Amino acid sequence: MRKGVNDVDVWLLTNGIDAYNKADGNIGIGLQKPVTRLDVSGSINASSQIMVNYVPIASPIGTMSTDPSGWLICDGRNISRATYAALFSIIGTTFGAGNWTTIFSIQIIKVHF
């Protein structure tokens, strides 16, 4: 254990670059000063889905006849900023501002086989 930022106890693993901040519970992998609950420097290999702000960032696999619950087809449609607030907080108006107040556009992805 060593003293870290602002004299906070930080436990370093034997490799000297992974850390656990005892004061706030933050964990750093590949870095010594984690500032969020989990900070990773490098690639992540997950056996399950990875969430960003509670939105899954992996896509379902296979052919489906309807949209799975919580998923949208990327066809450029306008959607509600209130209903999809988590998605809007991540992509904002990147693919279109909709009406500039209550809706925004999602990306158009066309795949041809």
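Please treat every number below as a calculation from the coordinates, not as lab data. Everything numeric here is computed off the predicted structure, so don't read it as measured data. Please note: Cβ atoms are built from the backbone with ideal geometry, for glycine as well, and neighbour counts cover all protein chains shown.
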Worksheet item: Nearest 0.05, what FRET efficiency do ASP67 and ARG37 give at R0 = 35 Å with Cβ-Cβ as r?
Response: 0.70
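As a footprinting exposure proxy, order ILE109, ILE27, ILE17 by other Cβ within 10 Å, with the fewest listed first.
Working: ILE109 9, ILE27 15, ILE17 12.
By the 10 Å Cβ count, ascending: ILE109, ILE17, ILE27.
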Worksheet, complete the sentence: The long-range amide H neighbours of ILE106, using H built 1.01 Å from N in the peptide plane and a cut-off of under 5 Å, are GLY76, ARG77, ILE79
Discussion item. Using a 7 Å offset from the Cα along the Cα-to-Cβ direction at both THR101 and SER80, what is the distance between the two label points in nm, to one decimal?
Written reply: 1.6 nm
Fill in: Exposure proxy ranking, count of Cβ atoms within 10 Å, fewest first, for SER47, SER80, SER105
SER47, SER80, SER105
